[in-house]
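First up is the structure itself, then whatever we jot down about it.
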Amino acid sequence: MKNKPLVRLLSALLFSYCMTPVQAQEQTQAQAMLDVKKLASAEMAGRATDTKGSELARDYLISRLQQLGVRPCSDDYVQAFEFQTRQGGKRNGRNILACRPGGMNGHETAPMIVISAHYDHLGERAGQIYYGADDNASGVAAVLAIATAMQSQAPQHDVMYIFFDAEELGLNGSRAYAAKPLVEMQRVGININFDMVGRGDKGELYASGSYHTPVLKTLLAPLDGNQGVKLRFGHDRPEQGTDDWTKQSDHLPFFLAGVPHIYFGVEDHADYHQPGDTADKINPQFYLGAVDLLTKASYLLDRALLTTNFRVKDGQTIALPAHGKDVSK
């Protein structure tokens, strides 16, 4: 047959239908490592905002979303924006947005989940590439892995996947989105944000944000030890100063808009914001365990939103919102 691309596509589809759930999970995890390596390649030159490397990364991410069958939230995957740099100049950024309906698609009172990660990094400086494998190719690949899982096992709630641009230049991508959100912020039930989830040099992954929404710690604590990953809570108290991560990644504009958040990341390591942040420094065993944990956390929070509004009023989490239903049976 002359149409070889069609043959390859049909063969891949047949293979996917024949896979067991374990085989499908293993394939998704292997793809996550491939995504990290691609995004942190020399070809993409550090993915600095408004550069050729950024464009290549964006094209790759859109092609991956199309491959998965995840559609744009509007007419296009790209949300373009302009921002002012700290030096006073103007730059152009481009967020990538994709959406998938949940089991309650069309339910007007049902909240939406936003799962996010920034895809930009520092680019090239003084002739050196800052590859940004952990920061934040690892988070981007984790979002893609969750999107893959949710195409096979749909969540209850509508999900928006956002890959933010210009995070490294002052959270400009998430600020631009919050200024012109595609979905009213009041409808967002939780923002799950990933930023540096690949370098578990201590075997630890932090979940930051439960200080502001205590029920999240109760829900997520059982995931501690998942595939050997130690889940820690903290880095979210105001008195911690620079150790408080609340203002340090793209969940901040959601937090400022009153949206509950949980931010997953590792503590800074020797290669943070250095040319040495390369894919070979990521321990596959830890990273794939972290991806599995983040996937389970996403489904867990999706299910919890059926009966709990994570927004806190008078110090208490609000239970049984209007869209809730009894899922205990």
What residue, of 270, 279, is surrounded by fewer than 14 Cβ atoms within 10 Å (Cβ to Cβ) and either touching a strand residue (DSSP E or B) at 6+ places or on another chain (Cβ under 7 Å) or among the small types (Gly, Ala, Ser) (or both)?
270
For the range 170-194, which positions are at negative phi and out of contact with any strand residue (DSSP E or B) (no Cβ under 7 Å at 6 or more places or on another chain)?
175, 178, 179, 180, 181, 184, 185, 186
Which residue pairs have Cβ atoms closer than 7 Å, lie 6 or more positions apart in sequence or on different chains, and pair a first residue in the range 195-213 that is in contact (Cβ under 8 Å) with a residue 12 or more places away in the chain and on the phi > 0 side of the Ramachandran plot with a second residue that is surrounded by 22 or more Cβ atoms within 10 Å (Cβ to Cβ) and hydroxyl-bearing (Ser, Thr, Tyr)?
196/138; 209/263
Six or more apart or on different chains, Cβ atoms under 6 Å: show the pairs whose first residue is in the range 31-44 and of a type in the set (Asp, Glu) and whose second is crowded, with 18+ Cβ neighbours inside 10 Å and in a helix (DSSP H, G or I).
35/141; 35/144
Positions within the range 73-105 being among the small types (Gly, Ala, Ser), closer than 18 Å to residue 147 by Cα and not in a strand (DSSP E or B), in sequence order:
74, 102, 103
Would you confirm, using the coordinates I've provided, whether residue 141 is under 30 Å from residue 309 (Cβ atoms), modelled with pLDDT of 95 or more and crowded, with 24+ Cβ neighbours inside 10 Å?
no
Flag for residue 129 being outside any loop (DSSP other than H, G, I, E, B), crowded, with 24+ Cβ neighbours inside 10 Å and in contact (Cβ under 8 Å) with a residue 60 or more places away in the chain:
no
Of all residues in the range 45-63 being among the polar types (S, T, N, Q) and assigned to a helix (DSSP H, G or I), the one that is nearest to residue 276 (Cα to Cα)
54
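The values are calculated or read from the model by the stated rules, or taken from the named source; none is laboratory data. Computed from a prediction, not measured in an experiment: that's the story for all the values here. All Cβ positions, glycine included, derive from the backbone under ideal geometry; neighbour counts span all protein chains shown.
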